[in-house]
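Comments concern the structure below.
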Amino acid sequence: MTIRYEINPPRVIQDNALSHKQVKLLLDKVQKRIIAASKFCNGIHLTDSVLGVPRISPITTGAIIRNIGVNVDITASLRVRDRNITALTQSVYDAVLLGLDGLLILKGDEPPAGPKDSKLIPSEIVKYFTKQGFGNNLDFFLSISANPDFAKIQKKIDSEPTGFITQVIQEPAQVHRIVDKLKPQGFRIIPCVMIPSIKNANSAKMVGIEFLQYQDNVLDFIKEIHKSAGDILITSPNDSKAALKILSQFKGLKRK
């Protein structure tokens, strides 16, 4: 039973490239957030350049977590949109060597500048790396909709990932449906839930989420989803305080 908390590594470019000192200060803040969250969760998921904006590598950030001795399951997103097979292979090797537990292989948001699409398909990349034997050392996950059309995601299913991480969930019935279909086939299901707060309102709007459906019973909402899937990913992109407040109330759900 795992409770995961999603964290965005710091940006490396704002108005211009940040200095080493500036990046180090930002990483120190991330470390403090991770240390605080690890008291209440047993998994950290690190994103990969959300919205296509360059950030510190999630694999590098994951290695830093390992080095500070935080005992949690570490997973990271890995974009295929702006990488080729050579770059992806380097990243997967790095993830293995640096002690990460799993990778979410996803297309990724379109970058604001530079090449827009490598034409690589996440499910094909998962199949490629598992055939190479990397599945012996890493869990590979794919992203699916909160309301998937199972016929249309058959290629993802056929690629045999370790499991699937959902897009943001709005109601437990969405999770029950996915679990009933995919868990009997041996897949792990990690539902993603966004913490309702004013600071997260714009992010929710971007992905079409209405907090009204669960903001008054968020604790029961998360408990039911966690009970169904045995796993959950908490995201709170703009409000770490709200996330830690919620996480602190779920310490008892952590895997022993």
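The values are calculated or read from the model by the stated rules, or taken from the named source; none is laboratory data. These numbers were taken from a predicted model, which means no experiment stands behind them. No Cβ is skipped: glycine too gets one built from the backbone with ideal geometry, and neighbour counts run over all protein chains shown. Accessible surface is based on the protein model in full, side chains and every heavy atom, while ligands, DNA and RNA are left aside. Shrake-Rupley method; radii C 1.70, N 1.55, O 1.52, S 1.80 Å.
Using equal-weight Cα scatterers in the Debye expression, the normalised intensity of the range 1-106 in log10 at q = 0.11, 0.14, 0.15 Å⁻¹ is -0.33, -0.53, -0.61. Output the pairs from Lys32/Lys199; Lys32/Lys181; Lys107/Lys152; Lys127/Lys199; Lys131/Lys183; Lys183/Lys241 with a Cα-Cα distance over 27 Å in this structure; if there are none, say none. Pairs exceeding the cut-off: Lys32/Lys181; Lys127/Lys199; Lys183/Lys241.
Each other residue within a Cβ distance under 13 Å of Asp117 adds +1 if Lys or Arg and -1 if Asp or Glu, for a net charge of +3. Orientation-averaged projection of the chain equals 13.5 nm² [convex hull of Cα atoms, one quarter of hull surface area]. When each of the peptides 198-207, 137-146, 67-76 is scored by how many other beta carbons lie within 10 Å of its residues on average, the order from highest to lowest is 137-146, 67-76, 198-207. Considering only beta bridges that DSSP places wholly inside the chain, some 5 percent are antiparallel.
About its Cα centre, the chain has a charge dipole of approximately 520 debye under the convention of +1 per Lys or Arg Cβ and -1 per Asp or Glu Cβ, with nothing else charged.
Over the chain, DSSP H runs of length four or greater, each weighted -39,500 (n - 2.57), average out per residue to a 222 nm ellipticity of -11000 deg cm²/dmol.
The tail of the calculated P(r) for the range 114-157, taken as Cα-Cα distances beyond 13 Å, holds 63 percent of the pairs.
Just the protein heavy atoms count here, and of the accessible area of the chain at 1.4 Å, carbon and sulfur take up 51 percent.
Contact order for the chain, expressed relative to its length and based on alpha carbon pairs under 8 Å spaced 6+ residues apart, stands at 21 percent. Accessible-area rank, largest first, for Tyr5, Tyr93: Tyr93, Tyr5, with all protein chains present and a 1.4 angstrom probe.
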